[in-house]
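The values are calculated or read from the model by the stated rules, or taken from the named source; none is laboratory data. All values reported here derive from a predicted model rather than from experimental measurement. Here the Cβ positions follow ideal geometry from the backbone for every residue, glycine too, while neighbour counts run over all protein chains shown. Accessible surface is based on the protein model in full, side chains and every heavy atom, while ligands, DNA and RNA are left aside. Shrake-Rupley method; radii C 1.70, N 1.55, O 1.52, S 1.80 Å.
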Amino acid sequence: MGSTRSRYINNILTFFDSVTQQTTLPLAPVQYMEDFLGKDTIPPEKWTYIDVSTAGNTTPILAADVANGVLRLPLDSTSEAQESGVYWNDQRPLVLNQGLVIEMGVSLQTLPTLLGIGVWGLAGNKNAVADTVAESIWFRVDGSGAVTVESDDTVNEQAVIATGVTFTAGQKKIFRIDCTTITDIKFYIDGVPVATGTTFNMGQVPTLALQPYVHLAKASGAGLGVIDVDYIRVWQHRV
């Protein structure tokens, strides 16, 4: 276990674990935390489940008896288009230029195979295909396990930028996106800056409103994959 430390950025004080780099408390005017505790068959408060399949099983669940609570998003091997995920049903109250930060604990129980693609972070309105979501700031992974990052404000776009980090099945990592400077968005994995050679500019609409977004999908085929989300934490200024 690490010790609790603090950082002060953009007039917001946050406390974090020095080993895992998980934020334990942000002292911010606006903040939201979902730990996916308990067990139910309906989405937790605020969240809308994405569950798209014809013959297969893509239903998000709060996995039973997993330490600390986990939201599990599955694709199965049925040969068809499938989606599994969560979002805020296109309700977008998170404002880009208000010091917006999002952090998630994510693991891949099964790496996406064949045409499977997983993304998690911030987005505009939901779309079945990740590449056609109009606005996005997120991490991305496919069957190689290699984590990439992307941003798109409809004018400035950076696609599939390598982070040098690769998932193995069952390995949890802490992912953070810091929008303190909207013309230079920062990505972190386990507290380490990644893709630092690329500038991620989301300055086209400074007041762009976004929502948390986790999405695992395939357009066709027998590919599969499973994403586990341990927690999602968001914070920002009020004005």
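Quick notes on this structure:
- Given their separation in residues at 0.36 nm each and the Cα-Cα distance between them, Asn10 and Thr48 gain 10.6 nm when the chain is fully extended.
- Debye, to nearest 20: dipole size of the chain, +1 on Lys, Arg Cβ, -1 on Asp, Glu Cβ: 520
- Sites Gln109 and Leu25, calculated FRET efficiency, Cβ-Cβ separation with R0 35 Å, nearest 0.05: 0.80
- In nm, spacing of pseudo-spin labels at Ser144 and Ala67 (7 Å Cα→C-beta vector): 3.2
- Part-to-part distance (alpha-carbon centres) for region 84-147 and region 191-220, which is given in Å: 8
- Structure remark: mean-square fluctuation, Gaussian network model of the chain, C-alpha springs under 10 Å; the largest value among Met104, Met33, Met202 belongs to Met33.
- Computed with a 1.4 Å probe on the full set of protein chains, the accessible area for Leu62 sits at about 10 Å².
- Contact order normalised by residue count of region 81-239, Cα under 8 Å, 6+ apart, percent: 40
- In Hz, Karplus ³J(HN,Hα) per residue of region 14-27 (6.51, -1.76, 1.60; θ = phi - 60°; x = Gly, Pro): 10, 9, 8, 7, 6, 9, 7, 6, 6, 6, 9, 6, x, 8
- Here the 3J(HN,Hα) profile of region 109-121, calculated from phi with Karplus coefficients 6.51, -1.76 and 1.60 at θ = phi - 60°, is 5, 9, 5, x, 10, 6, 8, x, 9, x, 9, 8, x Hz, Gly and Pro shown as x.
- Residue of Gly197, Gly124, Gly38 that the Gaussian network model of the chain assigns the largest fluctuation, springs spanning Cα pairs under 10 Å: Gly197
- Chain lengthening between Ser18 and Gln91 when straightened (0.36 nm per residue, less Cα-Cα): 22.9 nm
- Gaussian network model of the chain, Cα within-10 Å springs - most flexible of Val133, Val86, Val194: Val133
- The slack between Ala162 and Val205, meaning 0.36 nm per residue of separation minus the straight C-alpha distance, is 12.9 nm.
- In this structure, the amide hydrogen of Glu135, modeled 1.01 Å from its nitrogen in the peptide plane, lies closer than 5 angstrom to those of Gly124, Asn125, counting only residues at least 5 positions away or on a different chain.
- Integer Hz, Karplus 6.51/-1.76/1.60 couplings in order for region 131-139, x for Gly and Pro: 5, 10, 5, 5, 10, 7, 9, 7, 8
- For the pair Ala219 and His237, label points projected 7 Å from Cα toward Cβ lie 4.2 nm apart.
- Anisotropy class of region 23-157 from Cα gyration tensor, a/c 1.5 cut: oblate
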